[in-house]
Structure formats: structure tokens, C-alpha cells
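The next block holds one structure in the form of C-alpha cells; read it before the comments.
The values are calculated or read from the model by the stated rules, or taken from the named source; none is laboratory data. Values in this document were obtained by computation on a predicted structure and should not be read as measured data. Cβ placement follows ideal geometry from the backbone for every residue including glycine, while neighbour counts extend to all protein chains displayed.
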């Protein structure tokens, strides 16, 4: 059946008020990444291009559009932490996207308590119900189909320690629906929250 489609080639522009790419590939989990520079400066920043890439060992990754403080810190130290962004922490998370100089501590900027990690020197968000301590595995500069480098970097890290608030473990299963997790959507200010109303079950054949 034929449909009335809006079509475009990204290199020529989308012709819409807002780029639909982010809205189509979404909602997306938020990479709320804490890091520390070699000199000890702490950084906390959210990344909307984030996901999990492997089970064993667990590997997560995010893409930074531009060589930002977070990428530089991780390259210098080989460590970072991912903190689950929740509805309760949404405003604070949003504050950490502010474009501020490297010497500004986003934990302080957003009024967040930082606590020490155990296996890495990077602090984590005390109020986040889930944190992954990670060690860097790869940093890749992204390229176009014609192999031209673009100013974006994919950062991958192995999860070496996990913290989970016990209230979110129901019979040993993580309660995603009630974790308060928020997801990035495509509009300039759009996010989604999830809950039991959005859950359905489907077992693999």
C-alpha cells in the first residue's frame, strides 16, 4: 500500500521546522556521564546519543558531538561513570548541560551530592538509583560513508562495578517501569518518562 511520505537526503537538508532524526531514533536513554581530568577537575554532563552494546563483559557507550571536556577527561584517565537520570533528577540533569568552562564543577552547579566510587577515581551522583563504574575500552572518531572524519567521538567503556538501589529489585529483577528513568526525545525540549502503563510482555519464540 502506498503512503504519502516526506522524503529527503540528509546532506541536502530535511525541509522541516526541526530535524526529525532524533525524534525517530527515540526515545533514547540518557548518558549522564561523570568524569575527572588528570589534574582532578570533576565534570558531569548528559549525552543523548547513548546505549548498551554488549552483555559479557557489559559495555556501554556514548557519542560526543565535539571534543568536549568529558571526552578529554576520559582519554586522560581511562575512567568514567554513568548515572541513571530520573524524573526526580531531571531539572538537575538539565542544569549539567550548561556550556560552562572546564573548571566549573557541574555537581556543585546543579546542587548534586557527589560520592566516591570504589574501583575508579570518578565520583557518582549520590541520588541516582543506578550507577555504572566504567573503564575506557575505545574512543573512535566517527566518519562519513566516504570515510571523511567528522567532529564526533564514540566513547566505549566496560562496566566494572554496578550500584542498584535495592528498592528497584523485585524478586531479583530490575524494576525498569518504576525506576523513574527518563528518555530523550526528538523535539528541542522533549523527554519521556516510563511506567507500568507502557509495559507489555512478549517472549521470544
Positions within region 171-186 being more than 17 Å from the chain's Cα centre (by Cα), surrounded by 10 or more Cβ atoms within 10 Å (Cβ to Cβ) and not in a strand (DSSP E or B), in sequence order: 175, 177, 178
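Is it the case, given these coordinates, that residue 138 is surrounded by fewer than 17 Cβ atoms within 10 Å (Cβ to Cβ), under 24 Å from residue 77 (Cα atoms) and under 17 Å from the mean Cα position of the chain (by Cα)?
On the way: surrounded by fewer than 17 Cβ atoms within 10 Å (Cβ to Cβ): yes; under 24 Å from residue 77 (Cα atoms): yes; under 17 Å from the mean Cα position of the chain (by Cα): yes.
Spelling it out, residue 138 is indeed surrounded by fewer than 17 Cβ atoms within 10 Å (Cβ to Cβ), under 24 Å from residue 77 (Cα atoms) and under 17 Å from the mean Cα position of the chain (by Cα).
Looking only at region 150-193, count every residue that is touching a helix residue (DSSP H, G or I) at 6+ places or on another chain (Cβ under 8 Å) and touching a residue at least 60 places away in the same chain (Cβ under 8 Å) and tell me the total.
Kept after step one, since they are touching a helix residue (DSSP H, G or I) at 6+ places or on another chain (Cβ under 8 Å), are these residues of region 150-193: 153, 155, 157, 168, 174-175, 177-179, 182, 184-187, 190-191.
Subset that is touching a residue at least 60 places away in the same chain (Cβ under 8 Å): 153, 155, 157, 179, 182, 184-187, 190-191.
Final tally of qualifying residues: 11.
Suppose we filter 3, 86, 7 for residues that are crowded, with 17+ Cβ neighbours inside 10 Å and farther than 22 Å from residue 158 by Cβ; which single one remains?
86
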Counting residues that are touching a residue at least 40 places away in the same chain (Cβ under 8 Å) and under 23 Å from residue 151 (Cα atoms), which strands (runs of 3 or more DSSP E) fully inside region 23-128 reach at least 3? 31-36, 42-47, 59-65, 79-83
Tally the residues that are under 26 Å from residue 95 (Cβ atoms) and either modelled with pLDDT under 95 or out of contact with any helix residue (DSSP H, G or I) (no Cβ under 8 Å at 6 or more places or on another chain) (or both), restricting the search to region 128-149. 5
